[in-house]
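> Structure provided below as structure tokens; questions to follow.
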Amino acid sequence: MTGAKLNMFSRLRDRLREGVNQGVFPGAVLLAARGGGIVFFEAVGISSSGPHPALMEKRTIFDLASLTKPLATTPAMMKLVDEGAVHLDQPLSELLASSNLGDKAGLTPRLLLTHSAGLADWKPYHERLLHYPAEERKKWVRQWIIQEPFAYKPQGGNLYSDLGFMLLEWIIEERGGERLPAFVQRHFFGPLGLRRTLFRGTSEQGNPPGPPFIKGGKDEETKEGRTPAEEVAPTEDCPWRKKVLQGEVHDDNAWALGGYSGHAGLFSDAEGVYAMANLLREHFMGRRKDIFRPETVREFFRRQDIVKGSDWALGWDTRALEGSSAGRHFSRNSVGHTGFTGTSIWMDLERDVIAILLTNRVHPKRENDRIKQFRPLIHDTIMEELGLA
């Protein structure tokens with residue numbers, strides 16, 4: 001990086017260090033891009049605490065938590081819509097025809113993707129799932145979601161829902177003919193060469209969906225492409241799993257379901273997240289047409305306005321007028337998402353800016369929520385440094 005660029009981004013670098021010094025997170029990786037080129041990419045702080053703390057690195061892998069939704073489940077739905085295997089307004093009774101769907105039969109992918117389907121936000125299914133054989137847990141959790149009473153009338157409100165994305169995973173399996181990890185690997189991660197973007201299975205619960213992380217020296221990879229767990233930023237010192245989670249999904253329901261679900265379970269480094277974001281960006285702009293139809297990506301990025309006052313696009317949030325984690329300077333024509341572990345991505349489609357912030361703010365405890373105040377500040381600083389404020 002040249003001296004001019006170092007000076008240009010000095011405030012951004014200082015803001016990241018403030019995040020560490022003020023205890024927002026142990027460490028972070030920030031990647032910012034404009035016009036399809038990376039303009040800032042740095043790591044600060046440490047990835048793990050304890051007697052032998054490890055430095056955060058640009059290639060550190062993170063538990064992306066709910067970024068699984070826009071970076072795996074939503075692109076998979078885009079692909080199925082492109083192929084005509086799914087229609088956004090098609091009822092579940094047609095998409096999952098062999099299942100008894102009760103009062104959920106009329107729900108559609110559009111409602112699930114915009115969190116306006118009337119479903120509850122979250123349920124502690126993991127507490128019940130552990131009493132069932134691993135191979136039966138997906139079946140049971142889907143049945144329980146169908147049996148849940150509506151939290152509100154479909155299309156009558158918005159409630160951010162993990163349950164909706166668990167149902168979307170079911171649709172992907174039925175209409176795509178394979179499990180979510182295999183689908184996204186074949187269509188996206190494989191063609192992009194993303195060896196460090198993967199779903200990590202839980203060996204205790206049967207067949208892992210992808211190459212598991214292993215214990216081993218740093219930068220060592222086996223012939224099978226497995227990545228050492230030491231390169232993964234640890235998350236919480238889990239009170240009920242009785243250990244610090246590293247290379248194991250933080251989300252309790254995803255863990256009980258074998259390590260992943262439609263709402264959580266994806267791991268990646270910053271470059272992998274950027275590769276997926278840039279893939280979507282290029283199709284949105286019409287520069288590529290090989291994986292998606294540009295009009296499909298544009299529809300998914302469009303604020304749907306199903307519920308008055310809602311800012312949801314399809315699988316993506318958009319920048320709210322007030323209180324957005326994107327801050328004040330990203331345009332209204334922006335899409336983004338956050339993850340519970342301390343991850344986020346925002347894409348300004350009008351100014352052609354991508355900002356990826358990956359942290360493990362839940363290490364060692366999840367009660368640290370200072371990231372909520374930090375995210376708007378870091379995004380404001382990015383746009384100010386780029387001269388776009």
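> What longest region of the chain stays clear of chymotrypsin sites (Phe, Trp or Tyr not before Pro) that DSSP places outside H, G, I, E and B and that have at most 15 other Cβ atoms within 10 Å? Kindly include the intermediate steps, with their values, before the conclusion.
On the way: sites that count: 122, 150, 152, 160, 240.
The segment 241-389 is the longest one with no such site.
> Only counting other Cβ atoms within 10 Å, I'd like 331, 310 sorted with the fewest neighbours first. Numbers along the way, then the final one.
On the way: 331 15, 310 18.
Listed from fewest to most nearby Cβ atoms, that is 331, 310.
> Shifting gears a bit: Report which label in [x] 29, 61, 10, 0; [y] 29, 56, 15, 0; [z] 23, 39, 28, 9, 1 holds the value of P(r) over Cα pairs in 20 Å bins from 0, in percent derived from the coordinates of this structure.
Checking each listed value against the structure points to [x].
> Between rounded, prolate and oblate, where does the range 284-344 land on the alpha carbon gyration tensor, with a ≥ b ≥ c its root eigenvalues, rounded for a/c under 1.5, else prolate if a/b exceeds b/c?
Values: a/c = 1.93, a/b = 1.51, b/c = 1.28.
Here the range 284-344 falls in the prolate category.
> In addition: If you average the sequence gap of Cα pairs under 8 Å that are 6 or more apart and divide by the length of the chain, what percent do you get for the contact order? Spell out each step's value before the answer.
Numbers: 768 pairs, mean separation 91.5, N = 389.
With pairs under 8 Å counted, the relative contact order is 24 percent.
> 222 nm [θ] for the chain, helices only, -39500 (n - 2.57) per DSSP H run of 4+, per residue, to 500?
Details: 13 runs with 115 residues, N = 389.
Counting only the DSSP helices, I get -8500 deg cm²/dmol.
> Mind checking which of 143, 304, 92 is farthest towards the positive end of the chain's charge dipole, using Cβ charges of +1 (Lys, Arg) and -1 (Asp, Glu) about the Cα centre?
304
> Which of rounded, prolate, oblate describes the range 87-131, given a ≥ b ≥ c as roots of the alpha-carbon gyration tensor eigenvalues and a/c under 1.5 marking rounded, otherwise prolate only if a/b is larger than b/c?
Details: a/c = 2.77, a/b = 1.53, b/c = 1.81.
Oblate, because a/c is 1.5 or more while a/b does not exceed b/c.
> Right, next: Shape of the range 1-85 from its Cα gyration tensor (a ≥ b ≥ c, root eigenvalues): rounded if a/c is under 1.5, otherwise prolate when a/b > b/c, or oblate? Before the final figure, lay out each step's value.
Values: a/c = 3.07, a/b = 1.52, b/c = 2.02.
Oblate is the answer for the range 1-85, as a/c is 1.5 or above yet b/c matches or exceeds a/b.
> Under a plain spin-label model, where a point goes 7 Å from the Cα along Cα-to-Cβ, how far apart in nm are residue 57 and residue 38?
1.4 nm
> If you don't mind, another one. Considering only the other residues whose Cβ falls under 11 Å of the Cβ of residue 172, what net charge follows from Lys and Arg at +1 and Asp and Glu at -1? Walk me through the numbers before you get to the answer.
Working: positive: 79, 175, 179; negative: 169, 173, 174, 178.
Here the charged neighbours net out to -1.
Quick note: the coordinates plus some simple rules give every number you see, no bench work behind them. Computed from a prediction, not measured in an experiment: that's the story for all the values here. Using ideal geometry, Cβ is built from the backbone for each residue, glycine included, and neighbour counts are taken over all protein chains shown.
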